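Visitor: Let me begin by handing over the structure; questions about it come next.
No value in this document is a laboratory result; all are computed from the given coordinates. Just so it is clear, the structure is predicted and the values come from calculations on it, not from any experiment. Positions of Cβ are generated from backbone atoms using ideal geometry, with glycine treated the same way; all protein chains shown enter the neighbour counts.
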Amino acid sequence: MPATAIAVRPFTRPDVPQLHDLMLALADFEGYDLAVTPDDIIKRGLGTSPQFEALVAHREGSDMLLGMAVTYLIPYTYSLKPTMVLKELYVTEEARGAGVGEALFNAVKARAAAGDCGQLIWTVVPWNEKAKLFYAKLGGRPEEQWQSWVCDAL
């Protein structure tokens, strides 16, 4: 990729089709079916009370999205500070290794700090060794005290 600067910003309505495509690509990569539609992204991310925030990355001067980071807040935690949850971070295959993921992750960390969050948390698919190395390089570490659990029968 050319050495043009990477810009990271909150997504806007014109980004929705590409943001949805990035979400579909991540779902395909991780092996799950995505239920989210473009209308869901608009309603839940750009409505009067957004339930999530998405940052998107692109090259300066280009509208083509190279990656995304989707976050939400847990407003009340044991520390009386919010926790930011990085739900999804994805970089297109052709943009990997060009600093896009690092730019997105650093932007998420900056938003968490600006929001006085006590911590930033995320999950990694156990088989994704490249993601583990990526997050470790940026100061992340596996959570040793807690396991993720799930209940699908709701």
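Visitor: Could you point to the residue in GLN18, GLN51, GLY118 farthest towards the positive end of the chain's charge dipole, with +1 and -1 charges on the Cβ of Lys/Arg and Asp/Glu respectively?
Guide: Looking along the dipole axis, the top candidate is GLY118.
Visitor: Now for a separate question. What's the magnitude of the charge dipole for the chain around its Cα centre, counting Lys and Arg as +1 and Asp and Glu as -1 at the beta-carbon? Answer in Debye, nearest 20.
Guide: 540
Visitor: Now, a different point. Hey, which lysines would be in cross-link range of LYS109, C-alpha to C-alpha under 24 Å, not counting anything within fewer than 8 residues on its own chain?
Guide: LYS81, LYS87, LYS130, LYS132, LYS137
Visitor: Using 0.36 nm times the number of residues separating GLN145 and ARG44, minus their current alpha carbon distance, what extension gain do you get?
Guide: Fully extending the segment from GLN145 to ARG44 adds 33.2 nm.
Visitor: Taking the Cα centre of region 1-69 as origin, sum charge times position over the Cβ atoms of Lys and Arg (+1) and Asp and Glu (-1), and report the length of that vector in debye to the nearest 20.
Guide: 260
Visitor: What's the FRET efficiency of MET64 with ASP152 using the Cβ-Cβ distance as r and R₀ = 41 Å, to the nearest 0.05?
Guide: 0.70
Visitor: List the chymotrypsin sites (Phe, Trp or Tyr not before Pro) within region 1-81 that DSSP assigns to loop and that have no more than 10 neighbouring Cβ atoms inside 10 Å.
Guide: TYR32, TYR76, TYR78
Visitor: Could you tell me which of rounded, prolate or oblate describes region 95-152, using a ≥ b ≥ c as the square roots of the eigenvalues of the alpha-carbon gyration tensor, with rounded for a/c under 1.5 and, failing that, prolate when a/b is larger than b/c and oblate otherwise?
Guide: Verdict is oblate for region 95-152.
Visitor: Give me the net charge for the shell around LEU65: Cβ to Cβ below 11 angstrom, other residues only, Lys and Arg +1, Asp and Glu -1.
Guide: Once positives and negatives cancel, what remains is -1.
Visitor: Another one. Quick one: grab the alpha carbon gyration tensor of the chain, order the square roots of its eigenvalues as a ≥ b ≥ c, and give me rounded if a/c is under 1.5, else prolate or oblate depending on whether a/b is larger than b/c.
Guide: It is rounded, given that a/c, with a ≥ b ≥ c, falls under 1.5.
Visitor: Hey, another quick one. Sorting ASP63, ASP152 on the 10 Å Cβ count, fewest up front, what's the list?
Guide: So the ranking, lowest neighbour count to highest, is ASP152, ASP63.
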